[in-house]
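See below for the structure under consideration.
A short reminder: the numbers here are calculations on the coordinates, not readings from a lab. This one's a predicted model, so the numbers in the text were calculated from it and none came from an experiment. Glycine also receives a Cβ, built like all others from the backbone with ideal geometry; neighbour counts cover every protein chain displayed.
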Amino acid sequence: MAAVVVGVNHHLLLLCCILFAGAAVESLSYDYSATIECLAEPLKPQYEGGIIINPELNHGLSRWYVFGQAKIENRSSDRGNSFIVAHSRNKPSDSFSQKLYLLKDMLYTFSAWVQVVEGTVPVTAVFSTRCDGFIHAGAVVAESGCWSMLKGGLTVNSSGPVELYFETKNTTVEIWVDSVSLQPFTKDQWRAHQDQSVEKGRKRKVRLQAVDAKGKTFAGAKVSIHQKKPSFPFGNAITKAILDYPAYRKWFASRFTVTTFENEMKWYSTEKSPGKEDYSVPDAMLRVIKRLGIQVRGHNIFWDDPQYQQSWVKSLSPDQLRQATAKRINSVVSRYKGQLIAWDVVNENLHFSFFEDKLGKTASASFYQRAHQLDGLTTMFMNEYNTLEDNRDQRSTPAKFLQKLREIQSASPGKMGIGLESHFGTPNIPYMRSSIDVLAATKLPIWITELDVTSSPNQAQYLEEILREAHSHPAIKGIVMWAAWHPEGCYKMCLTDNNFKNLPTGNVVDKLINEWTHRNLVGSTDSNGSFEVSLFHGDYDITITHPSMISTLTQNFKITTGNSEEILLHFLANDG
């Protein structure tokens, strides 16, 4: 790899420019948009290129340099659009680069438009750093004949010079790039994006007015608002221990509105021996959870990881396996039809391919097709890990996720959803946001399905950062954590001890639940008898009292998404 070399004067100039840009964009909004279609010409760079110099290559190769041993040149399309090309490549990293200076406390969003000359090839944007090594900012499956948007993000652990370049393992192709953008945001700006997104997408302004039959308003009336149930699904996985521990049920039901059974619905749990199905445990769990008013995601119909196949399943011939999988999907989907809000149909089939290896490449698509036939009203999810968590995992990038999703949809055009497991170590929050942006362009519902954070001194801090980012993103329709309680200990992350007293992670969860709900909100009407408030979507009870009213006025109502920013509720009262 080429070394990062930045002259002192250039280093200082870039640093000043970045600091100036950071001060100037105090109110700069984040651009959540992403394009997943391959276009004849690239769009303009986001943020006008941010801190990238010559982002549209309108000034030839100015500030762009050879990286590795490639040859680079500036070309123009028939429409006069200029772009940069790397050719005569011998190594994956042979391309072109721009030298930059990044700051430790900034969050960077990145985008570029990419094309290759032949075939369909994954291309990655990489930042070479002195202290952090090589940081993968994002990847796209580039095509020939049209331009694809690569969107990503990154942070650095220490301030210093970096070199942006592009790489692909296929050294025979030319890499074309245009409309490059790298925009820094401060932590305060990033948090402001989250707050603005929550206010716009999760809440609605409400104006209440207390009047009598003659139109007289009640100034100074006491208003008490209680949210009975939030609309945004927030939950945690459970195990069969929920059946035996009343304290566990009480702790769980007071916090969450949705759950996933950790292992109890999986094939290896319900049919340990061939032909001997036993649904008694998940049936009992479902009865308990339904009584608590909690919704359930089905997890899972199949798991593509060979490690988790029953020994009798591994021993089957292809024809026997085809019969066994048909029996499994018919049995479990029919049994729970109409009782679940989702199914993870084929779990982790970007990383694994047990069923495809045995039954052919169309196996996954056929499973989704059959699931849709059996239960067409339930959303069927692709569920995968490392799409948000690990920018180095090239098997499950957002681009690879989209490839598999399109393959399934082409054969099974039923209700589909995107499940992002989210098993984090140290989170890269800008990469997380940009990855969701890309997947959101499908217009499909996106859920965080198995969120946990590896144990470390920063576990609770990281959990809060990830939860805030997920909850604030307009494309996320629900969150389920993977912190099911076991008497013997949790998978990676516990929220409580064995007496159901919160651990630091549990305190984070309670803190955010309190922020995202209105348990008890009290105020008073103004001189016009009005009370204005911004409320999270959900079901509410409201009570209005005033000394001149004959009786207390009580009403329930629902706050939902709507085109109007504000809704007006009139409460008709009898005066004294």
Put a dot 7 Å past each Cα toward the Cβ at residue 118 and residue 82; how far apart are the dots in nm?
-> 2.9 nm
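How would you order 171-177, 48-54 from highest to lowest mean count of nearby Cβ atoms within 10 Å? Display every interim value, and only then the final one.
On the way: 171-177: 20.0, 48-54: 18.3.
In decreasing order of mean packing, 171-177, 48-54 become 171-177, 48-54.
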Restricting to Cα pairs under 8 Å and 6 or more apart, the percent relative contact order of the chain works out to 18 percent
Please give, to one decimal in nm, the separation of the simple spin-label points placed at residue 335 and residue 541, each 7 Å out from Cα toward the Cβ.
-> 3.8 nm
Highest average packing first - 289-300, 337-348, Cβ atoms within 10 Å | 337-348, 289-300
Where in the chain are the helices, taken as whole DSSP H runs, whose Cα atoms extend 15 angstrom or more along the long axis and whose Kyte-Doolittle mean reaches at least 0.5?
-> 8-24, 429-440
Say R0 is 25 Å: what FRET efficiency, to the nearest 0.05, do residue 319 and residue 443 get from their beta-carbon distance?
-> 0.05
Report the extension gain between residue 244 and residue 288 in nm, rounded to one decimal, defined as 0.36 nm multiplied by the number of residues separating them, less their alpha carbon distance.
-> 14.8 nm
Taking region 312-430, how many lysine pairs are there with alpha carbons less than 25 Å apart, if each pair must be eight or more places apart or span two chains?
-> 17
Express in nm, to one decimal, how much length is gained between residue 146 and residue 357 on full extension, taking 0.36 nm for each residue of separation and deducting their alpha carbon distance.
-> 72.7 nm
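Could you tell me the relative contact order of region 212-362? Use alpha-carbon pairs under 8 Å, at least six residues apart, and round to a whole percent.
Contact order relative to length: 22 percent.
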Which entry is the computed log10 I(q)/I(0) by the Debye sum over Cα atoms at q = 0.09 Å⁻¹ for this structure: (1) -0.80; (2) -0.96; (3) -0.68?
-> (1)
Magnitude of the Cβ-charge dipole (Lys and Arg +1, Asp and Glu -1) of the chain about the Cα centre, nearest 20 debye, reported as 1240 debye
In nm, spacing of pseudo-spin labels at residue 492 and residue 40 (7 Å Cα→C-beta vector) | 4.6 nm
Considering only DSSP beta bridges where both residues belong to the chain, give the percentage that are antiparallel (nearest 5).
-> 65 percent
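Give the calculated FRET efficiency between residue 213 and residue 187 to the nearest 0.05, with a Förster radius of 45 Å applied to their Cβ-Cβ distance.
Working from the Cβ atoms, E equals 0.25.
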Collect residues whose amide H, placed 1.01 Å from N in the peptide plane, falls under 5 Å from the amide H of residue 206; neighbours closer than 5 in sequence don't count.
-> 533, 534, 535, 567
Could you sort out which of 205/443; 250/511; 266/511; 250/492; 228/290; 104/200 sit more than 27 Å apart by Cα distance in this structure?
-> 266/511; 104/200
Which ³J(HN,Hα) values, rounded to whole Hz and listed in residue order, are derived for region 74-90 from phi using the Karplus coefficients 6.51, -1.76 and 1.60 in 6.51 cos²θ - 1.76 cosθ + 1.60 with θ = phi - 60°, glycine and proline given as x?
-> 9, 10, 9, 7, 4, 8, x, 7, 8, 8, 10, 10, 10, 9, 6, 8, 10
Which residues' amide hydrogens lie under 5 Å from the amide hydrogen of residue 347, considering only partners 5 or more residues apart or on another chain, with H built in the peptide plane?
-> 302, 303, 304
For region 295-310, 3J(HN,Hα) per residue [Karplus equation, 6.51 cos²θ - 1.76 cosθ + 1.60, θ = phi - 60°, Hz, x = Gly/Pro] = 7, 10, 8, x, 9, 10, 6, 9, 10, 6, 6, x, 4, 10, 8, 4
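Ranking request for peptides 82-91, 518-527: highest mean number of other beta-carbon atoms within 10 Å first, then the rest in descending order.
The packing order, highest mean first, is 82-91, 518-527.
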Take the alpha-carbon centre of region 256-296, take the same for region 176-250, and report the distance between them in whole Å.
-> 30 Å
Using Cα pairs closer than 8 Å and at least 6 residues apart in sequence, work out the relative contact order for region 445-559, in percent.
-> 18 percent
Using modelled backbone amide H atoms (1.01 Å from N, in-plane), which distant-in-sequence or interchain residues come within less than 5 Å of residue 159's amide H?
-> 104
By how many nm would the segment from residue 263 to residue 61 grow when fully extended, if each residue of separation counts as 0.36 nm and the alpha-carbon distance is taken off?
-> 67.2 nm
Determine which residues of region 458-490 fall in the zone a paramagnetic label at residue 511 would reach in this model, i.e. backbone nitrogen under 12 Å from the point 7 Å along Cα→Cβ.
-> 459-468
Using a Förster distance of 41 Å, the FRET efficiency for residue 557-residue 426 (Cβ separation, nearest 0.05) | 0.45
